[in-house]
Amino acid sequence: MKRLKNANAIIFTGGMIILYIIAVGMFSYLSGKYSKYISPYELTGEGYSESAGTITGFADTISLYFEGTDEFSVNYLDITVDKLSEKPMNAGVFSADEEGQYKKIANIYIDEGYNEVKIKNGASYRLDIYDGNALDFDLKGISLRTAPSPRCIISNSIVIYAVFMALILYVLTRLNAFERLGNFNLPQRLVLGAEALFMVFLFFIMLYGAADIHFKICSYALIPLAAAALALMYSGLKEGRLNSKLITPCALIAMFVLLCVVGFRMVSEPNSDLGTVYYSAWEIVEDGHVSTVFTGSEKHRSFFEESNNGYFMHYTANIPILALLALFYKVLSLFGLNSDSLLSNYMSILLNIAFIMGSVILTLKTAKNIFGKKGSFAALVMCFTFVPFYINACRFYTDTLSMLFVAASFYVYSLPDEKFKYTWLKYALAGVAVCIGALIKGSVYIVLVAFMIHLLLKGLKNIRYCAVMLAVIAALCGAWGVYLDNCSWIDMSQEESMEFPLVHWIMMGMNRNVGGGYDQNDFEYTAQFPSKEEKKAADLEMLSKRFAEFGTVNGAGDYLFNKSAGTWLEGQFMQNVHMEWVLKKGGLFDFLSANREYYSLYNIYIAVYIFCLFVFIGAGGVYALHSPKADYGMLLRLTLLGAMIFFMLWESKSRYILNFAPVFMLSAVCGLESISKALEGQSKDKSKA
């Protein structure tokens, strides 16, 4: 057993080292790819004379001037010198913008050999060497880099990585993980690996997110108190005392009324992507097709000058919601409504509320299937107190409309196989739900991947059910594609030249200037290329540069987890950004808007709620580490892990994960169940003693 324990520890350590070598190798490659070498002969300056690369100073300050580059962002400066007459040289680095105004960006000492300095990007640079009178040295060259030199990468990251790895090894050893691993079969080991990876991601996301909490003292105090109180309340809840036949309908009716009140109080002018979809859907109803002419009078358009049809050629993923709303507005038009009617906006909000309520009901049913009446009650409380449902009621977009199908897919999947005469029918229905949801919002495909992995971990014989889901999805997507190519309400003829490749959104996700969100400059950069293949090649090149700009493994990790914290723990799911579109100011608007009288209370509630939610989710993951198995809790956390990894790389905003709210709730209930079991176990141990 001891040999097996040591072997497992060695395999784990070796894997961690291999991952580190791969990451360092990538940045070493990029450091050479995105660098500009400047020979001594290309320099201009004053206060010195130069002969065959040897610089001799005759003034107090030697100034060396050299140009930057437009090809990549400069983050590092290499200076290589030899035969110094005085060691080290005291120097300063200055950068200038396009107007030539130099500002000091670094104080440095230049020693013999290789010197690397972290600097800021500039159009041109100046290197001042002080006490230069009679100073003599050989300048081998200067390099501008976006990533550090390979000789510095290891020293910049190995210490932090080693400490991180040692900490993980210590925790795993204390938990007897390597010893227990010998008792697990291959599927259990894979489950344990997935659970451990999820916990690592969750821990770092919460760690980074905690630093961004507003009203820190109050929030930091309330989060553990609220989490402990709610966990104890759930543990003490007796299932037999719950009158779900009375409580659940009353709560759902109250929630529906609140959604309607808040939705109508926050009715907004359709704008940005939602505005394009809204007015284009009405164009289909009124004109029979989406407009192919840009008039300049589109009030919803602010981010690019193209026709509505052109927008959908760039963003083909929004065509399904366009079709859905056009069908809905066709019905509304029978009652005399049109795009300028405020009532059509209200009716869209009602449609959105119906989808949200459908999601909630299916979430409760799924919780009951998995955790019983007690779990369903906990899910009901979570949904009822989840403020983002209410503040997004007025925003009838893909984030909420696709949520229903996420909830539906988990509900069908959680049903016992025995309920179906033909078991394959269950997985066919789950595939239908996933496909419709994914057509509305592509991230729903994460659910499909989680289902398939979960089925295979339960047994390789389940590969037939994976095949059923894939076949259903392929058939539905194929039918949708054929229909689009032959329909009359949208012109798909320019799709090949205008459609953006998938790598475009990953490229935007690595844009540090906007935190991985939408950027107009990135849109225009991709749009300028005439074909999809050229767009793809250009985006891959830009993506490569942006990865290089991280410089090291540490730099990349720091950015990605900061970005993830902003996505997962923002708590308002970006509705605070959309508040400016609300038509009715005052009252609720004042309460929800930043810098208003009661905004601090609202902000604290959001922070406490979202962190408690993830504390419970984490508790379920910790409990599963002791006895890993491919159960529903593992499936829920696997789905969240997939979403974490996906949105860590993809263009990301907090509202992009709102459609996974049913998974949040169910995962949190699973965590509460785990805490309850742990407390019951302690109680039994005490009674035995």
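Sort out for me the helices (runs of 4 or more DSSP H) sitting completely within the stretch 388-479 that have 1 or more residues that are closer than 30 Å to MET266 by Cα.
Details: elements: 398-401, 403-414, 423-440, 445-458.
The helices (runs of 4 or more DSSP H) meeting that bar are 398-401, 403-414, 423-440.
Restrict the check to the stretch 234-246 and report whether at least one residue is in a helix (DSSP H, G or I), assigned by TED's automatic domain parsing to the domain that holds MET382, of a type outside the set (Ser, Thr, Tyr) and at pLDDT 85 or above. Working first, answer last.
Here is the first cut: in the stretch 234-246, the residues in a helix (DSSP H, G or I) are 234-235, 239-241, 244-246.
Checking the rest, the ones that are also assigned by TED's automatic domain parsing to the domain that holds MET382 come to 234-235, 239-241, 244-246.
Keeping just the survivors that are of a type outside the set (Ser, Thr, Tyr) gives 239-241, 245-246.
Applying the additional criterion that residues be at pLDDT 85 or above yields none.
There is no residue in the stretch 234-246 that is in a helix (DSSP H, G or I), assigned by TED's automatic domain parsing to the domain that holds MET382, of a type outside the set (Ser, Thr, Tyr) and at pLDDT 85 or above.
Please give the number of the condition VAL24 fails out of (1) closer than 30 Å to VAL163 by Cα; (2) loosely packed, with under 12 Cβ neighbours inside 10 Å.
Among (1) closer than 30 Å to VAL163 by Cα; (2) loosely packed, with under 12 Cβ neighbours inside 10 Å, the lone unmet condition for VAL24 is (2).
Could you please give the count of residues in the stretch 485-505 that are part of a helix (DSSP H, G or I), under 30 Å from the mean Cα position of the chain (by Cα) and of a type outside the set (Val, Ile, Thr)? So that I can check it myself, show each step before the final result.
Step one: of the stretch 485-505, the residues part of a helix (DSSP H, G or I) are 485-486, 495-498, 503-505.
Okay, now just the ones that are also under 30 Å from the mean Cα position of the chain (by Cα), so 495-498, 503-505.
When the remaining residues are screened for being of a type outside the set (Val, Ile, Thr), the result is 495-498, 504-505.
Going through the stretch 485-505 one residue at a time, the tally reaches 6.
Please go through the stretch 462-515 and give me each residue that is among the acidic types (Asp, Glu) and out of contact with any His (no Cβ under 9 Å at 6 or more places or on another chain), ordered by number. Reasoning before the result, please.
Initial filter on the stretch 462-515 (among the acidic types (Asp, Glu)): 485, 491, 495-496, 499.
The answer is ASP485, GLU495, GLU496.
Scan the stretch 322-341 residue by residue and report those that are in a helix (DSSP H, G or I) and either in contact with a Lys or Arg (Cβ under 8 Å, 6 or more places away or on another chain) or of a type in the set (A, V, I, L, M) (or both).
The answer is LEU322, ALA323, LEU324, LEU325, ALA326, LEU327, VAL331, LEU332.
So the check is Cβ under 9 Å with 6+ separation or different chains; which pairs have a first residue in the stretch 554-574 that's closer than 20 Å to ALA147 by Cα and touching a residue at least 24 places away in the same chain (Cβ under 8 Å) and a second one that's of a type in the set (Val, Ile, Thr) and buried (at least 19 other Cβ atoms within 10 Å of the Cβ)?
PHE561/ILE205
Can we say ALA231 is assigned by TED's automatic domain parsing to the domain that holds SER348, surrounded by 12 or more Cβ atoms within 10 Å (Cβ to Cβ) and more than 20 Å from GLN572 (Cα to Cα)?
Working: assigned by TED's automatic domain parsing to the domain that holds SER348: yes; surrounded by 12 or more Cβ atoms within 10 Å (Cβ to Cβ): yes; more than 20 Å from GLN572 (Cα to Cα): yes.
So ALA231 fits the description; yes.
Might you let me know whether the stretch 88-95 holds any residue that is crowded, with 17+ Cβ neighbours inside 10 Å and within 30 Å of LEU543 (Cβ to Cβ)? Show your work before the answer.
Step one: list which residues in the stretch 88-95 are crowded, with 17+ Cβ neighbours inside 10 Å, which gives 89, 91, 93-95.
This time we only want the ones that are within 30 Å of LEU543 (Cβ to Cβ), so: 93, 95.
Yes, the stretch 88-95 contains a residue that is crowded, with 17+ Cβ neighbours inside 10 Å and within 30 Å of LEU543 (Cβ to Cβ).
How many of the residues making up the stretch 376-387 are within 28 Å of the chain's Cα centre (by Cα) and assigned to a helix (DSSP H, G or I)? I'd like the intermediate steps shown before the answer.
Of the residues in the stretch 376-387, the ones within 28 Å of the chain's Cα centre (by Cα) are 378-387.
Adding the requirement that they be assigned to a helix (DSSP H, G or I) leaves 378-384, 387.
Number of matching residues: 8.
How many of the residues making up the stretch 459-515 are among the hydroxyl-bearing types (Ser, Thr, Tyr), touching a residue at least 12 places away in the same chain (Cβ under 8 Å) and more than 16 Å from THR526 (Cβ to Cβ)? So that I can check it myself, show each step before the final result.
Step one: of the stretch 459-515, the residues among the hydroxyl-bearing types (Ser, Thr, Tyr) are 465, 483, 488, 493, 497.
After this cut, where a residue has to be touching a residue at least 12 places away in the same chain (Cβ under 8 Å) as well, the list is 465, 488, 497.
This time we only want the ones that are more than 16 Å from THR526 (Cβ to Cβ), so: 465, 488.
Qualifying residue count, the stretch 459-515: 2.
Among the residues of the stretch 345-384, what is the count of those that are among the hydroxyl-bearing types (Ser, Thr, Tyr), farther than 18 Å from LYS238 by Cα and buried (at least 19 other Cβ atoms within 10 Å of the Cβ)? Quick ask: steps written out before the conclusion?
Applying the first criterion (among the hydroxyl-bearing types (Ser, Thr, Tyr)) to the stretch 345-384 yields 346, 348, 359, 363, 366, 376.
Now drop any that are not farther than 18 Å from LYS238 by Cα, which leaves 346, 348, 359, 363, 366.
From what is left, the residues that are buried (at least 19 other Cβ atoms within 10 Å of the Cβ) are 348, 359, 363, 366.
Residues in the stretch 345-384 being among the hydroxyl-bearing types (Ser, Thr, Tyr), farther than 18 Å from LYS238 by Cα and buried (at least 19 other Cβ atoms within 10 Å of the Cβ): 4 in total.
If I filter the stretch 69-78 for residues that are touching a strand residue (DSSP E or B) at 6+ places or on another chain (Cβ under 9 Å), farther than 30 Å from ASP539 by Cβ and of a type in the set (A, V, I, L, M), do I get at least one hit?
Within the stretch 69-78, the subset touching a strand residue (DSSP E or B) at 6+ places or on another chain (Cβ under 9 Å) is 69, 71-72, 74-78.
So of that shortlist, the ones also farther than 30 Å from ASP539 by Cβ come out as none.
No, because not a single residue in the stretch 69-78 is touching a strand residue (DSSP E or B) at 6+ places or on another chain (Cβ under 9 Å), farther than 30 Å from ASP539 by Cβ and of a type in the set (A, V, I, L, M).
What residue, of GLY275, GLY236, is under 30 Å from THR292 (Cα atoms) and without any contact (Cβ under 8 Å) to a residue 60 or more places away in the chain? So that I can check it myself, show each step before the final result.
Values: GLY236 fails: under 30 Å from THR292 (Cα atoms).
It is GLY275.
Going by what's in this entry, would LEU351 be described as in a helix (DSSP H, G or I) and without any contact (Cβ under 8 Å) to a residue 24 or more places away in the chain? Let's see the steps before the verdict.
Working: in a helix (DSSP H, G or I): yes; without any contact (Cβ under 8 Å) to a residue 24 or more places away in the chain: no.
Criteria not met by LEU351.
Please name all residue pairs, on different chains or six or more residues apart, with Cβ atoms under 6 Å, provided the first residue is in the stretch 203-229 and is among the hydroxyl-bearing types (Ser, Thr, Tyr) and the second residue is surrounded by 18 or more Cβ atoms within 10 Å (Cβ to Cβ) and part of a loop (DSSP other than H, G, I, E, B).
SER219/ILE213
Which number in (1) under 16 Å from ILE436 (Cα atoms); (2) out of contact with any Asp or Glu (no Cβ under 9 Å at 6 or more places or on another chain); (3) touching a residue at least 40 places away in the same chain (Cβ under 8 Å) marks the one condition that LEU327 misses?
Of the numbered conditions (1) under 16 Å from ILE436 (Cα atoms); (2) out of contact with any Asp or Glu (no Cβ under 9 Å at 6 or more places or on another chain); (3) touching a residue at least 40 places away in the same chain (Cβ under 8 Å), the odd one out for LEU327 is (3).
Yes or no: the stretch 79-97 includes at least one residue that is in contact with a Pro (Cβ under 8 Å, 6 or more places away or on another chain) and not aromatic (Phe, Trp, Tyr). Before the answer, list the steps.
First, pick out the residues of the stretch 79-97 that are in contact with a Pro (Cβ under 8 Å, 6 or more places away or on another chain): none.
For the stretch 79-97, residues in contact with a Pro (Cβ under 8 Å, 6 or more places away or on another chain) and not aromatic (Phe, Trp, Tyr): absent.
Quick check on the stretch 38-54: of everything there that is part of a strand (DSSP E or B) and more than 51 Å from the chain's Cα centre (by Cα), which residue is surrounded by the fewest Cβ atoms within 10 Å (Cβ to Cβ)?
In the first step, residues of the stretch 38-54 are kept if they are part of a strand (DSSP E or B); the result is 38, 44-46, 48-51, 54.
From what's left, more than 51 Å from the chain's Cα centre (by Cα): 48-51, 54.
On the way: TYR48: 20, SER49: 9, GLU50: 14, SER51: 7, THR54: 14.
Restricting to residues being part of a strand (DSSP E or B) and more than 51 Å from the chain's Cα centre (by Cα), the top hit is SER51.
So is GLU534 acidic (Asp, Glu), more than 25 Å from PHE198 (Cβ to Cβ), at pLDDT below 90 and over 20 Å from the mean Cα position of the chain (by Cα) or not? Before the answer, list the steps.
Numbers: acidic (Asp, Glu): yes; more than 25 Å from PHE198 (Cβ to Cβ): yes; at pLDDT below 90: no; over 20 Å from the mean Cα position of the chain (by Cα): yes.
Spelling it out, it is not the case that GLU534 is acidic (Asp, Glu), more than 25 Å from PHE198 (Cβ to Cβ), at pLDDT below 90 and over 20 Å from the mean Cα position of the chain (by Cα).
Please specify each residue of the stretch 420-432 satisfying the condition of being of a type outside the set (Ser, Thr, Tyr) and buried (at least 23 other Cβ atoms within 10 Å of the Cβ). Walk me through how you get there before you give the answer.
Filtering the stretch 420-432 down to residues of a type outside the set (Ser, Thr, Tyr) leaves 420-421, 424-426, 428-432.
Listed by number, the residues that qualify are ALA430, GLY431.
Pick from PHE72, PHE58: which is surrounded by fewer than 17 Cβ atoms within 10 Å (Cβ to Cβ), in contact (Cβ under 8 Å) with a residue 60 or more places away in the chain and assigned by TED's automatic domain parsing to the domain that holds ASP136?
On the way: PHE72 fails: surrounded by fewer than 17 Cβ atoms within 10 Å (Cβ to Cβ).
It is PHE58.
The values are calculated or read from the model by the stated rules, or taken from the named source; none is laboratory data. Because the structure is predicted, anything quoted here is derived from the model rather than measured. Quick reminder, even Gly has a Cβ in these numbers, built from the backbone with ideal geometry, and neighbours come from all protein chains shown.
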